[in-house]
Amino acid sequence: MEPVRRKALVDAALRVIGDHGSLAVTMSDIARQAGVSPALAHHYFGSKEQLLIETIRSLLRQLRSDTVAALRTARTPRARLSAVIRVSFHADQFAPGTIAAWLAFYAEAQRSEETRRFLVIYARRLRSNLLADLKVLLPADAAERIAEGAAAMIDGLYIRQSLKSAPIGIEASIALTEDYLNALLATASPSPRREKERPHRTTQGQMT
């Protein structure tokens, strides 16, 4: 029962964080949502802080799993770039609990080195997946620059969407990021070979 109860507590933590809109929740709040006693929650995780760390690990694992699955179906570097973009704006990422958790963890990273480390892992994964396929299409310096720009657009548009401040929806955010890539690929690519891209290996190793 331990894996089942641990997952139930992580899922409950996401729901409670979503309801509160912050990490200012108690172990009792989470345990009540999961239908277990606070003592059992402490037994499995030791402290609220450790449960919250496991919650962000869970978010990263799910994002990694979704990305790997999307990349497996993409046959060219350009298609793989589109897969990374679409996964980043997947509807699951906009569930209220997930949005609240990401925003709360970003705020917590200003105080918690461990939380900051996990967010750095996320940022490096996103950049690595973009860069791996951009380097097939472009010189290294151009690939680096465009990967940074695309990652910044993805993160910025996600935050704006999550705060309901963006005047465009998810599909439009995807299209905007795609337009950015297309424009820079057209001007930076050393040859018009984008539609003749060779199949590229998976990046599972880069997602670990």
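The values are calculated or read from the model by the stated rules, or taken from the named source; none is laboratory data. Bear in mind the structure is a predicted one, so any value in this text is a computation, not a measurement. Cβ sites come from the backbone with ideal geometry, for glycine too, and all protein chains shown count toward neighbours. Just the protein is used for accessible areas: all its heavy atoms, side chains included, with ligands, DNA and RNA removed. Shrake-Rupley method; radii C 1.70, N 1.55, O 1.52, S 1.80 Å.
In percent, rounded to a whole number, the relative contact order of segment 1-144 is 26, using alpha-carbon pairs under 8 Å and six or more apart. The residues of segment 1-61 present an accessible area of 51 Å² per residue when probed at 1.4 Å with all protein chains retained.
Taking a straight line from the alpha carbon of LYS135, these aspartates and glutamates sit under 20 Å away, with near neighbours fewer than eight places off in the same chain left out: GLU144, GLU148, GLU178, ASP179, GLU195, GLU197. Charging the Cβ of each Asp and Glu at -1 and of each Lys and Arg at +1, and nothing else, the dipole of the chain about its Cα centre rounds to 600 debye. Comparing SER88, ALA151, VAL68 along the charge dipole axis of the chain, the residue lying farthest to the positive side is VAL68, per the Cβ-charge model. Taking the Cα atoms only, what angle lies between the long axis of helix 77-88 and the longest principal axis of the chain, rounded to 10 degrees? Rounded to the nearest ten degrees, it is 30. Dividing the helix sum by the residues of the chain, where each DSSP H run of 4 or more adds -39500 (n - 2.57), gives a mean residue ellipticity at 222 nm of -24500 deg cm²/dmol. In sequence order, segment 38-44 has phi-based couplings of x, 4, 5, 4, 5, 4, 7 Hz under the Karplus curve 6.51 cos²θ - 1.76 cosθ + 1.60, θ = phi - 60°, and Gly or Pro positions carry x. Given their separation in residues at 0.36 nm each and the Cα-Cα distance between them, ALA152 and ASP179 gain 8.3 nm when the chain is fully extended. Largest accessible area first, the listed residues ARG86, ARG78, ARG124 line up as ARG124, ARG86, ARG78 when surface is computed with a 1.4 Å probe on the assembled protein chains. Compared with the dominant Cα axis of the chain, that is its longest principal axis, helix 170-188 is turned about 40°. Accessible surface of HIS42, taken over heavy atoms with a 1.4 Å probe and every protein chain present, rounds to 80 Å². Neighbours of ARG5 by Cβ distance under 13 Å: Lys/Arg scored +1, Asp/Glu scored -1, total -1. The Rg/Rh ratio for the chain, using Cα coordinates for both the radius of gyration and the Kirkwood hydrodynamic radius, is 1.03.
Could you look at the chain and say what percent of its accessible area is carbon and sulfur, using a 1.4 Å probe and all protein chains?
55 percent
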